Amino acid sequence: MSESNRPQRSTKQRSALKDALEGAGGFRTAQELHDELKAGGRKVGLTTVYRNLQALAQSGEVDVLRTAEGEAIYRRCATNEHHHHLVCTECGTSVEVASDEIERWAVRVARRHGFKPVEHTAEVFGVCSTCTY
């Protein structure tokens, strides 16, 4: 059984991390999640947070993106379906979007450059309407 197909062991730390992700409402760094867990009285090491985030991302339970600075940010998936994200660079709020237009564009661009499309991700970073006003 491959590592990504192996059932994940439920631990108190993983459960606490899932709760923190659920309550976050947007993308968070591993350090931010670690700080939130510590502030809530949870004893979870930063290495444990990173390890669990990686496992949750591999299982599809967590979305992981890279900021413009290259830092990984994480968010609990709202859907198991293929989707993309709009992410506010000010407050971190994110919206999951599905778009046939994006799917067609990805296939068209891949083929134009001689690629057989296998998978893709698309994230749009900007400023949400709440932060704009």
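The values are calculated or read from the model by the stated rules, or taken from the named source; none is laboratory data. As the structure is a computational prediction, the values presented were derived from the model and not from experiment. Note that each Cβ is placed from the backbone with ideal geometry, even for glycine, and that neighbours are counted across all protein chains shown.
Given the residues T132, T79, T67, which is the only one that is surrounded by 13 or more Cβ atoms within 10 Å (Cβ to Cβ) and among the hydroxyl-bearing types (S, T, Y)?
Being surrounded by 13 or more Cβ atoms within 10 Å (Cβ to Cβ) and among the hydroxyl-bearing types (S, T, Y) holds for just one of T132, T79, T67, which is T67.
Which condition number does C91 fail, the rest of (1) within 25 Å of S15 (Cβ to Cβ); (2) in contact (Cβ under 8 Å) with a residue 40 or more places away in the chain; (3) part of a loop (DSSP other than H, G, I, E, B) being met?
Status for C91: all satisfied but (1).
Need pairs with beta-carbon distance below 6 Å; first residue farther than 17 Å from E123 by Cβ and within segment 44-69, second assigned to a loop (DSSP other than H, G, I, E, B) and of a type in the set (G, A, S); sequence gap 6+ or separate chains.
Once the first residue is farther than 17 Å from E123 by Cβ and sits in segment 44-69, its partners that are assigned to a loop (DSSP other than H, G, I, E, B) and of a type in the set (G, A, S) give Q58/S4.
Going by the structure shown, is F115 of a type in the set (F, W, Y) and either under 24 Å from A30 (Cβ atoms) or assigned by TED's automatic domain parsing to the domain that holds T29 (or both)?
No: the conditions fail for F115.
If you scan segment 34-49, which residues turn out to be part of a helix (DSSP H, G or I) and either among the small types (G, A, S) or surrounded by 15 or more Cβ atoms within 10 Å (Cβ to Cβ) (or both)?
Matches in segment 34-49: H34, D35, E36, L37, A39, T48, V49.
If I ask for residues that are part of a helix (DSSP H, G or I), over 14 Å from the mean Cα position of the chain (by Cα) and hydrophobic (A, V, I, L, M, F, W, C), which ones from segment 50-88 would you list?
none
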